[in-house]
Amino acid sequence: MSDIDPEVTQLDCSAVIADVWLLLDNECDENARKRLQGHLDNCPSCLAHYGIERQLKALVNRKCGGDQAPQGLKDRLRIEIRKTVIVHEYGEQNTDPR
Ligand SMILES: [Zn+2]
């Protein structure tokens with residue numbers, strides 16, 4: 001087991017969001033998929049923010065497995081990611097009591 005590369009954990013989370021969009025919009029991109037999974041595995045805050053890891057991995061696996069991702073799942077992920085991007089851009093000041 002090698003040490004975790006600190007560059008992975010310090011990767012800008014906005015780069016991860018960019019990779020997510022890339023995978024949603026394009027065919028399977030092996031480099032983007034590796035970056036995304038590597039970051040999610042090492043960035044608990046991203047996992048907590050997204051809360052969509054399982055759906056995201058399912059989508060990526062479907063894409064990379066050659067299956068078409070169902071449109072409903074893609075739409076839901078787009079909404080979740082957009083919310084996440086807004087949180088990242090505006091910080092925590094825009095609190096939304098549930
Ligand atoms: Zn992150």
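The values are calculated or read from the model by the stated rules, or taken from the named source; none is laboratory data. Because the structure is predicted, anything quoted here is derived from the model rather than measured. Virtual Cβ from ideal backbone geometry, glycine too; neighbours counted across all protein chains shown.
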Residues of region 25-41 that turn out to be buried (at least 18 other Cβ atoms within 10 Å of the Cβ) and within 18 Å of Gly66 (Cβ to Cβ), as a count: 2
Unmet criterion (only one of (1) at pLDDT below 80; (2) within 13 Å of the ligand (Cβ to nearest atom)) for Leu40: (1)
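How many of the residues making up region 44-55 are within 15 Å of Ile81 (Cβ to Cβ) and either within 15 Å of the ligand (Cβ to nearest atom) or under 9 Å from the mean Cα position of the chain (by Cα) (or both)?
Taking region 44-55 and keeping what is within 15 Å of Ile81 (Cβ to Cβ), we get 46-55.
Now drop any that are not either within 15 Å of the ligand (Cβ to nearest atom) or under 9 Å from the mean Cα position of the chain (by Cα) (or both), which leaves 46-53.
Counting residues in region 44-55 that are within 15 Å of Ile81 (Cβ to Cβ) and either within 15 Å of the ligand (Cβ to nearest atom) or under 9 Å from the mean Cα position of the chain (by Cα) (or both) gives 8.
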Of all residues making up region 56-85, the number that are at pLDDT below 75, more than 16 Å from Ala32 (Cα to Cα), assigned to a helix (DSSP H, G or I) and more than 16 Å from the ligand (Cβ to nearest atom): 0
